[in-house]
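Scroll down for the structure; my scribbles are underneath it.
Rule-based calculations on the coordinates, nothing more; no lab input. Predicted, not measured: the structure shown is a model, and the values here were computed from it. Using ideal geometry, Cβ is built from the backbone for each residue, glycine included, and neighbour counts are taken over all protein chains shown.
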Amino acid sequence: MKSVVAVSVAVLLLSAPHAVAEVSGTWVKSKSECAIPSGERDEFEIGGRKILNLEFECDVKSRSNKNGYTVDKAVCGGEGSESTEIVRYRVDASGALHIKIGKQPEEVYRYSCR
């Protein structure tokens, strides 16, 4: 019995570096945006299988991890259109969200208003 438990623990430890870290929260680019009500400011919210922004909403269909980034394949819609996008993001040591949607350049959202 002890060997089964030891093997199970070893498998969990070896697979941990490949696990996808769950990112959850809201971020804005500048602290001054916190004076604007949520829903009216340029804010990213990530939680569960959703990525939300002022102009669109994405439903995550698959999630993986590559080079320290969470990589989501998501169906995103807004302003009457819908498309499948690859969304790459990570939260750095200072808590800033680095996010890249499709072929757009990576943007950094450094602050949380909560």
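If the condition is being under 15 Å from TYR89 (Cα atoms) and either touching a His at 6+ places or on another chain (Cβ under 9 Å) or not basic (Lys, Arg) (or both), then the range 26-47 contributes THR26, TRP27, VAL28, GLU43, PHE44, GLU45, ILE46, GLY47. Restricting the range 31-62 to residues that are among the charged types (D, E, K, R) and either in contact with a Pro (Cβ under 7 Å, 6 or more places away or on another chain) or under 18 Å from LYS103 (Cα atoms) (or both), the residue that is surrounded by the most Cβ atoms within 10 Å (Cβ to Cβ) is GLU57. Taking the range 63-106 as the region of interest, the strands (runs of 3 or more DSSP E) fully inside it that hold 1 or more residues being surrounded by fewer than 16 Cβ atoms within 10 Å (Cβ to Cβ) and of a type outside the set (A, V, I, L, M, F, W, C) are 69-78, 81-91.
Of all residue pairs spaced 6 or more apart or on separate chains, those with beta-carbon atoms under 8 Å, a first member in the range 21-36 that is free of Cβ contacts under 8 Å to residues at least 60 places away in the same chain and a second member that is surrounded by fewer than 14 Cβ atoms within 10 Å (Cβ to Cβ) and assigned to a loop (DSSP other than H, G, I, E, B) are SER24/GLY48.
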